[in-house]
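Q: Got a structure here, written out as structure tokens. Questions coming.
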Amino acid sequence: MLPDMPRDQQLDLLRKMLMIRRAEEHVVRFNEEHEGLIRGHFHIYIGQEATGVGVCAALAREDYVFSTHRNHGHVIAKGGDPGKVLAEVIGRETGYCLGRGGTFHVAAPDLNILHTSAIVGGSTALASGAALAAQVLESDAVTVVFFGDGAMDEGVAYESMNIARLWNLPLIFVMENNYRRAGRVNTDHAADDLPNIPRALNLETVTVDGDDVGQVHGTLKELVRRVRAGEGPFFVEARTHPWPGNDGAHPELVAGLTDINWAWDASPVPENVRSWYAEGDCILAYARELADSEGCDRDTVVRVDEEVRREADAAAQFALTSPLPPPEAAVRYAYAGRGD
Amino acid sequence: MSREMTLGEALVEALSEAMEQDRRVVLIGGGLVSSGPGAQRFRAVRERHGNRIKSPPIAELGYCGIAAGAAMAGLRPLVDIGTATFSYEAIPQINNEAAIAYSNSGGQTNAPVTYFMRYGIRGGGGVQHSGSPQPWYWNTPGLQVAMPATPADAKGLLRTALLKSQDPTIFMAHERLLGERGTVPDGEHETGFGKAAVAREGGDVTIVATGVQVPRAMAAAEALAKDGISAEVVDPRTLEPLDTDTLLASVRKTGRLVVTDESHDNCGVAANLAALMADLAFDSLKAPIKRVAIPHVPIPFAVPLEDYVTPTAGRIEEAARSVLE
């Protein structure tokens, strides 16, 4: 369903989703087209854009967001500069964390994304802490923590949910269920239905279609209102469709760059992955829905994509032409108290 | 003016003042502070600041991470973990989250959280209630390590950690010191990090001692004095930041060094202090450096076994005599 908001804001959500898609495509291209630019493995957010964008559109700037190893999309969804994200991904001095964090740890403290843990489940406790700070300091801030279904294997997620409930923290746990727990597709959990775990802890739990940006946004908007009214915490399961390019530690553009026109005709997509683009791609589905709605059309949607592609290309160029940090900076920033 | 109190009471006094002065100071846990020698004073703190005292379930990993995240978002939490070995359950959040946030964010996010723990061989604790993880934490960049030996330093260092520090602090008080009495200066007494104390001046041999080893080194120095040997006892008070200058000045003066800490010897606190001094003061040394620490074995329970591994005043004295031979 279309999100309940004015047309220009609906188009802004499309813009954000597309920006994540285009920026992430650049990340994969950094790996595929530039020998040695990406040295390790990396994780990208393609296919889950509706969840990140739908959630973050329900938040204010002072609200806290905690993310995971799959963080690039969340940072952009919260309002992050794609150029600074891409620069961080390839360790440039102009990156969000001055190149110290890298792809696993992109954080944007100026957007209240304070620290990004790449340890599965690692952020669930930190996010509960930020929520505690808001509660003690009587600020209005809500904290959202994103994590994958793999985090439900970890003890820290259980401990955090338990404490968050006991202390009534102003916090929303958002489990993006992409059915690839800790990198292993389709493994099992003894709980079968993962939201049974928070339910056992008396956490109110909602399951949403994570591919439907309108449904995600509508659900989160109401939960954020209730958290601000002191009714938190909550647990949201957002069910997403895992993008086939994400199989393995080095994502691949299995269908090349996404063509927005596939929203209306997916026949050019390679057959082995066509069904994902035809049925599972949250961006193409939203593009179709928007174009079909009254007062909008396909040209408008395509134009948004063209603008976003230009911006994303400029962001990638910014990252690629940014300087590396000076080697001697390596030993700075161990301690704030040292004044460096 | 000053007053006499136990180390445990001094800790509670620091907490009480910090909570009074700064509403960002919160306490998570507190069961052991409240049952120790500071119990009576702690009851008053609880009555006054109960809304900033959180009692978590038995979930060290969860609440140590929560304290780290709260610090990143503006609080200055004190976490009372209790027995130091319990902190092993929380290593992922202490060493792999709180410690790295400042560096990993390029200096944008800091985590001024204090993890208080009672370390060491308490007597009959068995292996899982006798741990001394100070080397683990000193081995982690991003963490500060404070080890007070006296009530005055306990108060002064804890005030600094709670009110001034911008970085995470591991605050270790030895179980056997909590009930020890000493004088504490009146007022807002603070001990800056990275300033060693010369606990006893001497000219023949330097004994660098941490935490519970300070009173043991003082007893050893007293015994040595009866034989005309003048030992200088230096207490770093914080391992990170470390006051290398004061240690170095003493070693250059005496030319002989014994280092002692109640933790295991391999890659231990004494080992690292010895290595640093060997690097920086080799030309001043007249004898090899001796370490007095715990041998490389899990702490055993029975009295003679526990006594055998404890780095006592007698072992420090013996080591001092050996470097003077």
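Q: Give the number of residues within region A:234-261 that are hydrophobic (A, V, I, L, M, F, W, C), surrounded by fewer than 20 Cβ atoms within 10 Å (Cβ to Cβ) and over 19 Å from the mean Cα position of the chain (by Cα). Break it down stepwise before answering.
A: Taking region A:234-261 first, the residues hydrophobic (A, V, I, L, M, F, W, C) are A:234-236, A:238, A:243, A:249, A:253-255, A:257, A:260.
The next check asks that each one be surrounded by fewer than 20 Cβ atoms within 10 Å (Cβ to Cβ); those that pass are A:249, A:253-254, A:257.
From what is left, the residues that are over 19 Å from the mean Cα position of the chain (by Cα) are A:254, A:257.
Selection size over region A:234-261: 2.
Q: Give the residues of region A:262-311 that are free of Cβ contacts under 8 Å to residues at least 60 places away in the same chain, hydroxyl-bearing (S, T, Y) and surrounded by fewer than 15 Cβ atoms within 10 Å (Cβ to Cβ), sorted by residue number.
A: The answer is A:S267, A:S275.
Q: Right, here's the next one. Does B:E4 count as among the acidic types (D, E) and in contact (Cβ under 8 Å) with a residue 60 or more places away in the chain?
A: Values: among the acidic types (D, E): yes; in contact (Cβ under 8 Å) with a residue 60 or more places away in the chain: yes.
So B:E4 passes the test.
Q: What strands (runs of 3 or more DSSP E), lying completely within region B:125-231, carry at least 1 residues that are within 14 Å of another protein chain (Cβ to nearest Cβ) and under 15 Å from the mean Cα position of the chain (by Cα)? Full working, then the answer.
A: On the way: elements: B:144-146, B:169-174, B:181-185, B:197-200, B:205-209.
Per the criteria, B:144-146, B:169-174.
Q: Let me confirm something: among A:A133, A:A164, A:A157, which residue is aliphatic (A, V, I, L, M), without any contact (Cβ under 8 Å) to a residue 24 or more places away in the chain and either surrounded by fewer than 24 Cβ atoms within 10 Å (Cβ to Cβ) or farther than 29 Å from A:E32 by Cβ (or both)? So that I can check it myself, show each step before the final result.
A: Numbers: A:A164 fails: without any contact (Cβ under 8 Å) to a residue 24 or more places away in the chain; A:A157 fails: without any contact (Cβ under 8 Å) to a residue 24 or more places away in the chain.
Every option except A:A133 fails the conditions.
Q: Here's a follow-up. Could we say that A:A141 is of a type outside the set (D, E) and part of a helix (DSSP H, G or I) here? Lay out the reasoning, then the answer.
A: Numbers: of a type outside the set (D, E): yes; part of a helix (DSSP H, G or I): no.
Here the answer is no, as A:A141 does not meet what is asked.
Q: Counting just the residues of region A:26-43 that are over 16 Å from A:G101 (Cβ atoms) and either in contact with an Asp or Glu (Cβ under 9 Å, 6 or more places away or on another chain) or of a type in the set (A, V, I, L, M) (or both), which one comes out surrounded by the most Cβ atoms within 10 Å (Cβ to Cβ)?
A: A:H26
Q: Does B:A209 count as of a type in the set (G, A, S) and closer than 22 Å to B:A271 by Cβ? Explain how you work it out, then say what you get.
A: Numbers: of a type in the set (G, A, S): yes; closer than 22 Å to B:A271 by Cβ: yes.
Yes.
Q: In region A:292-340, which residues are of a type in the set (D, E, K, R) and within 14 Å of chain B (Cβ to nearest Cβ)?
A: A:R332, A:R338, A:D340
Q: Right, here's the next one. Report, by residue number, each residue of region A:95-126 that is assigned to a loop (DSSP other than H, G, I, E, B) and facing chain B (nearest Cβ under 7 Å). Steps first, answer last, please.
A: Step one: filter region A:95-126 for residues assigned to a loop (DSSP other than H, G, I, E, B), giving A:95-102, A:106-107, A:112, A:114-121.
Those that are assigned to a loop (DSSP other than H, G, I, E, B) and facing chain B (nearest Cβ under 7 Å): A:C97, A:L98, A:R100, A:G101, A:A107, A:L114, A:H115, A:S117, A:I119.
Q: Scan region A:232-247 residue by residue and report those that are farther than 16 Å from A:E24 by Cα and among the small types (G, A, S).
A: So in region A:232-247, the residues farther than 16 Å from A:E24 by Cα come out as A:232-241.
Correct list: A:G232, A:A238.
Listed here are the residues, each with its yes/no results for (1) of a type in the set (D, E, K, R); (2) surrounded by fewer than 22 Cβ atoms within 10 Å (Cβ to Cβ); (3) closer than 30 Å to A:D140 by Cβ.
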position	(1), (2), (3)
B:M1	no, yes, no
B:L15	no, no, yes
B:Q21	no, yes, yes
B:V26	no, no, yes
B:A39	no, yes, no
B:V45	no, no, yes
B:P57	no, yes, yes
B:C64	no, no, yes
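Q: Next question, about the same structure. Might you check whether a residue that is outside any helix (DSSP H, G or I) and in contact with a Phe, Trp or Tyr (Cβ under 7 Å, 6 or more places away or on another chain) occurs anywhere in region A:325-333?
A: Within region A:325-333, the first condition is being outside any helix (DSSP H, G or I), and the residues that meet it are A:325-326, A:332-333.
After this cut, where a residue has to be in contact with a Phe, Trp or Tyr (Cβ under 7 Å, 6 or more places away or on another chain) as well, the list is A:333.
Looking for residues that are outside any helix (DSSP H, G or I) and in contact with a Phe, Trp or Tyr (Cβ under 7 Å, 6 or more places away or on another chain), one finds at least one in region A:325-333, hence yes.
Q: Let me ask something additional. Could you list all residues from region A:134-177 that are within 10 Å of chain B (Cβ to nearest Cβ), in contact with an Asp or Glu (Cβ under 9 Å, 6 or more places away or on another chain) and of a type in the set (D, E, K, R)?
A: Of everything in region A:134-177, just one residue is within 10 Å of chain B (Cβ to nearest Cβ), in contact with an Asp or Glu (Cβ under 9 Å, 6 or more places away or on another chain) and of a type in the set (D, E, K, R), namely A:E159.
Q: Run down B:A101, B:A67 and say which single residue is touching a His at 6+ places or on another chain (Cβ under 6 Å), hydrophobic (A, V, I, L, M, F, W, C) and under 17 Å from A:H115 (Cα atoms). Give the derivation first.
A: Numbers: B:A67 fails: touching a His at 6+ places or on another chain (Cβ under 6 Å).
One residue alone meets the criteria, B:A101.
Q: Taking region A:100-119 only, how many residues are more than 24 Å from A:A141 (Cβ to Cβ) and buried (at least 22 other Cβ atoms within 10 Å of the Cβ)?
A: 2
Q: Can you name the residue in region A:74-94 that is within 21 Å of A:L13 (Cα to Cα) and among the basic types (K, R) and is also farthest from the other protein chains (Cβ to nearest Cβ) among such residues?
A: So the first thing to find is which residues in region A:74-94 are within 21 Å of A:L13 (Cα to Cα), and the list is A:74-86.
From what's left, among the basic types (K, R): A:78, A:84.
On the way: A:K78: 15, A:K84: 11 Å.
Step by step, filter region A:74-94, then rank; the result is A:K78.
Computed from the coordinates by the stated procedures, all read-outs in this text should not be read as laboratory data. These numbers were taken from a predicted model, which means no experiment stands behind them. Backbone-built Cβ (ideal geometry, glycine too); neighbour counts: all protein chains shown.
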